[in-house]
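Q: A single structure is presented below for examination.
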Amino acid sequence: MTKFALIGAAGYVAPRHMRAIKETDGNLVAAFDPSDSVGVIDGFFPDARFFTEFERFDRHVDMLARSGNAIDYISVCSPNYLHDAHARFGLRSGADVICEKPLVLNPWNLDGLQEMEQQTGKRLYTILQLRVHPAIIALKKRVDSASHDQVFDVDLTYITSRGAWYHVSWKGDEAKSGGIATNIGVHFYDMLSFVFGELQSNCVHMRTVRHAAGYLEFKRARVRWFLSVDRSDLPAHTPEGQATYRSITVDNDEIEFSGGFTDLHTRSYQNILGGGGFGIDEVRPSIELVSSIRGNALEPHKGDMHPFLKELS
């Protein structure tokens, strides 16, 4: 049975990793989080050893290795700014690493991680869940089968309501989360490059603690994008009680992908365990893009503006 350890067991996304480990017949043998609010583990692996101090977790992982029971994979679900350090720890510990998005905040950190892969002989994978979503796979096939000179017009809208806590937590600190575009948008940017090819140009129209918007040109698409964590931005037709709105239109055709998210982490784990998975080379374009969004000066009059942004202006 494949043995896993988990860093960041109390976080929002950790249960998806626990479920993926369970559904791929793995065993979570150890977990770490500074917070002890991790009762969710009982629903998956009640016998997993749990640590609130990293030093003791480190010692336990080392002890398992020296006793012939080494961890096979370390899953990283810690805050974004710690992913780099925790991925390095996993590789140094002799394990392959499965890291939640974003793999790192800055593209230059990827080079060091690739060097560590070469030194340790271990692999670092990241969760790019939209690449395994059936609707996105179908969209890529549609684009790939179209005329090579066809350029698509795309509108991407993602609104995911977050309360006041969000801005007090590490997620509201751009130095730790990377800001809105990185924290909630990086997997959408990965999807866009996956489907539409190399990025050609990037201009940012808005960047606040609650919103981000801009215009991108890829080899096969012109993209207007809008991201928000403000519930007041939800469209009027949003069903009562629904806190999230996702929309992708391609040449005014809506790509239905609101469902199908519940098992994407399990599919990702299946790919990795089956010899596939997405490594550093695959993630690099999206990390470079979100880094440039943080660094770019606002250009509100350049490129086509997203309709939602026009309403806010």
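The values are calculated or read from the model by the stated rules, or taken from the named source; none is laboratory data. Bear in mind that the values here come from a model prediction, so they are computed numbers and not experimental data. For neighbour counting, all protein chains shown are included, and Cβ atoms are generated from backbone atoms with ideal geometry for every residue, glycine included.
Q: Check whether at least one residue in the stretch 54-67 is touching a Gly at 6+ places or on another chain (Cβ under 8 Å), exposed (fewer than 15 other Cβ atoms within 10 Å of the Cβ) and among the small types (Gly, Ala, Ser), and report yes or no.
A: Looking through the stretch 54-67, at least one residue is touching a Gly at 6+ places or on another chain (Cβ under 8 Å), exposed (fewer than 15 other Cβ atoms within 10 Å of the Cβ) and among the small types (Gly, Ala, Ser).
Q: Moving on to the next point. Check THR262 against each of (1) in contact with a helix residue (DSSP H, G or I) (Cβ under 7 Å, 6 or more places away or on another chain); (2) polar (S, T, N, Q); (3) surrounded by fewer than 17 Cβ atoms within 10 Å (Cβ to Cβ) and name the one condition it does not meet.
A: (1)
Q: Taking the stretch 282-309 as the region of interest, how many residues are part of a helix (DSSP H, G or I) and either touching a residue at least 40 places away in the same chain (Cβ under 8 Å) or not assigned by TED's automatic domain parsing to the domain that holds THR182 (or both)?
A: Count: 16.
Q: Restricting to the stretch 264-281, count the residues that are within 15 Å of the chain's Cα centre (by Cα) and assigned to a loop (DSSP other than H, G, I, E, B).
A: Selection size over the stretch 264-281: 2.
Q: Return only the number of the condition from (1) at pLDDT 95 or above; (2) under 16 Å from the mean Cα position of the chain (by Cα); (3) assigned to a helix (DSSP H, G or I) that LEU130 does not satisfy.
A: It fails just one condition, (1).
Q: Also: Could you figure out which of (1) at pLDDT 95 or above; (2) on the phi < 0 side of the Ramachandran plot; (3) of a type outside the set (Val, Ile, Thr) isn't true of GLY11?
A: Here GLY11 meets the rest and fails (1).
Q: Filter the stretch 9-31 for residues that are buried (at least 24 other Cβ atoms within 10 Å of the Cβ) and in contact with an Asp or Glu (Cβ under 8 Å, 6 or more places away or on another chain) and give the result.
A: Within the stretch 9-31, ALA9, HIS17 meet the criteria.
Q: Moving to a separate point now. Here are some residues: GLY197, GLY275, GLY241. Which one is in contact (Cβ under 8 Å) with a residue 12 or more places away in the chain and at positive phi?
A: GLY197
Q: Is there a residue in the stretch 292-302 that is modelled with pLDDT of 90 or more, more than 25 Å from ALA14 (Cβ to Cβ) and either buried (at least 19 other Cβ atoms within 10 Å of the Cβ) or of a type in the set (S, T, N, Q) (or both)?
A: Within the stretch 292-302, one or more residues are modelled with pLDDT of 90 or more, more than 25 Å from ALA14 (Cβ to Cβ) and either buried (at least 19 other Cβ atoms within 10 Å of the Cβ) or of a type in the set (S, T, N, Q) (or both).
Q: Pick from SER37, SER75: which is in contact (Cβ under 8 Å) with a residue 24 or more places away in the chain, out of contact with any Ser or Thr (no Cβ under 7 Å at 6 or more places or on another chain) and surrounded by fewer than 18 Cβ atoms within 10 Å (Cβ to Cβ)?
A: Checking each option against the conditions leaves just SER37.
Q: If you don't mind, there's one more thing I want to ask. Could you tell me which of the residues ILE136, ILE98 is within 30 Å of ILE293 (Cβ to Cβ), touching a residue at least 40 places away in the same chain (Cβ under 8 Å) and touching a strand residue (DSSP E or B) at 6+ places or on another chain (Cβ under 8 Å)?
A: Exactly one residue qualifies, and that residue is ILE98.
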